[in-house]
Amino acid sequence: MSHNIITALDIGSSFVRAIIAKEVGGGRLEILGIGEATSEGIERGIVKDIQALSVTVAKALNDAEKAANTQAKNIHANITGEHIKTHIGDGRISIPTETPNEPGEITLHHVEQVINDAKNSVKIQKGFERYRILHGLPHNFVIDNQDDIHNPVNMSGFHLIAKVYAILSELTPLRNLSKCIELAGYSIDPENFVLNHIALSESILNEDERRLGAIVLDIGGGTCDLAIFSRGSLEKILVIPMAGKNITEDLAIGLKTTIDNAEYIKLQYGNALASSVDQSLELDVDGISGRAGSRKTQYLVSHVIQHRVEEMLSLCYGKAKDFYTPELVTAGVVLCGGTANLTNIDSVLSDAFNLHVKIATPDLSRLNGMISRLEDPAFATVVGILYHASSQDSEPSGKSFNLSNLKSSKFADMFKKILKDFT
């Protein structure tokens, strides 16, 4: 059974979540085991204490293994952080012909070549020497003078050009995440890292939202990950280094309580819209290190939360506004992540962006087994990692993933997936 096992690992600043699943055919996956552990040693996508994080990763994977009664294999993990960079690369190749002055037929191999040529053009750019390309997403193709071609396969031409959106990660964070997984007793192929934004889009966006345009906003513990989709393509990714943990820290300071108690109060009584709560309702607040506790109003709690949420969303809007126009994001904002469970955050977000907001839970239609636990915005990333891994049709291997070594049928499946999701 191990040959069709996939393990999805979401390493977040608040929680590490793991899912072990097996492919059962027809594009479906059976959930075998789920594990979850409170994160330690990672902040805003960067490893701060590799020993502490490796213990957390081991616990999440061990719990998933016990529930699945099988080992975690073929691990795929997410990555995010301010170190992520993007660049548009142009690839260009000539199509060989059998007859002079007659156009040649474009095959999957030619598409592979032109995408790789675009990625190579990015690699040689100054400043990217210590970066690895995570994804190369074709925005469109040009055949001779015909532009905006979505799928050039089986078409004819003399030259093929591709505009490819390359997403790069600095090598150091990648290596440290890999080392963390190794210290936990597991291994991961260097090519099995997926950008958090892309994993999310796999689990919460439908085809209409991609084509009509949408902003995906994942508010986790350490970062807000924002992705802008327009006319079917991923147009821009942004990472804002502020999220749920900042709200908790503000509460701990404002209420003079512990981080744990502040997190509990946020989850149980938190509201992003202070005007909507009963101003007379009081809460018991624990003191710090044995100090006497106190009573605070829920209105005060919500006022602290709303102030931080508004600041956070203002930063998101300020960074995003130059990369989209409202008419090109007809579907509005799709919100997910653990902080999406905060009461009335969708209302505050709608005011900040002046767009419709949908709080999204992951699409579980492709899953069998123990899926009720996954009906939560907080599990959107790990389900998306699972879907992304399945779409790659990958198998456990010690070798690096190499497009040139794939059979044409595998590349055809992969290319169809890219075309469907990003162009």
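The values are calculated or read from the model by the stated rules, or taken from the named source; none is laboratory data. Remember, predicted model here, so these are calculated numbers, not experimental data. Quick reminder, even Gly has a Cβ in these numbers, built from the backbone with ideal geometry, and neighbours come from all protein chains shown.
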Report task. Give just the number: which of (1) under 28 Å from R366 (Cα atoms); (2) buried (at least 17 other Cβ atoms within 10 Å of the Cβ); (3) at pLDDT below 95 does H3 not satisfy? Result -> (2)
Report summary line: Filtering the range 44-72 down to residues that are farther than 17 Å from R17 by Cβ and assigned to a loop (DSSP other than H, G, I, E, B) yields R44, K48, D49, N69, T70, Q71
Requested in this report: Determine whether L134 is surrounded by fewer than 22 Cβ atoms within 10 Å (Cβ to Cβ), closer than 27 Å to T361 by Cα and out of contact with any His (no Cβ under 6 Å at 6 or more places or on another chain).
Outcome: yes
Requested in this report: Return the residue satisfying two criteria in turn: it lies in the range 64-81 and is of a type outside the set (A, V, I, L, M) and over 23 Å from the mean Cα position of the chain (by Cα), and of such residues it is nearest to I219 (Cα to Cα).
Outcome: E65
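Which count do you get for residues in the range 336-362 that are assigned to a strand (DSSP E or B) and in contact with a helix residue (DSSP H, G or I) (Cβ under 6 Å, 6 or more places away or on another chain)?
3
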Query raised in the report: Can you name the residue in the range 242-272 that is touching a helix residue (DSSP H, G or I) at 6+ places or on another chain (Cβ under 9 Å) and not in a helix (DSSP H, G or I) and is also nearest to F15 (Cα to Cα) among such residues?
Result: A243
Report summary line: By residue number, the members of the range 20-41 that are farther than 16 Å from G338 by Cβ, among the β-branched types (V, I, T) and touching a residue at least 60 places away in the same chain (Cβ under 8 Å) are V24, I31
**Report entry** Residue tally, condition among the aromatic types (F, W, Y) and surrounded by fewer than 18 Cβ atoms within 10 Å (Cβ to Cβ), over the range 318-357
**Finding:** 1
Requested in this report: Scan the range 245-254 residue by residue and report those that are surrounded by 20 or more Cβ atoms within 10 Å (Cβ to Cβ) and touching a Lys or Arg at 6+ places or on another chain (Cβ under 8 Å).
Outcome: I247, T248, L251
Query - Number of positions in the range 158-195 that are closer than 12 Å to L134 by Cα, at pLDDT 95 or above and assigned to a helix (DSSP H, G or I) - result: 3
Query - Long-range neighbours under 7 Å by Cβ, at least six apart or interchain, first residue crowded, with 24+ Cβ neighbours inside 10 Å within the range 53-64, second assigned to a helix (DSSP H, G or I) and of a type in the set (K, R) - result: none
Query raised in the report: Which number in (1) modelled with pLDDT under 95; (2) in contact with a Phe, Trp or Tyr (Cβ under 9 Å, 6 or more places away or on another chain) marks the one condition that F323 misses?
Result: (2)
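Suppose we filter I265, I237 for residues that are buried (at least 19 other Cβ atoms within 10 Å of the Cβ), touching a residue at least 40 places away in the same chain (Cβ under 8 Å) and either not assigned by TED's automatic domain parsing to the domain that holds V301 or not hydroxyl-bearing (S, T, Y) (or both); which single one remains?
Among I265, I237, only I237 is buried (at least 19 other Cβ atoms within 10 Å of the Cβ), touching a residue at least 40 places away in the same chain (Cβ under 8 Å) and either not assigned by TED's automatic domain parsing to the domain that holds V301 or not hydroxyl-bearing (S, T, Y) (or both).
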Report task. Could you tell me whether any residue of the range 22-35 is out of contact with any strand residue (DSSP E or B) (no Cβ under 6 Å at 6 or more places or on another chain), part of a loop (DSSP other than H, G, I, E, B) and surrounded by 19 or more Cβ atoms within 10 Å (Cβ to Cβ)? Result -> no
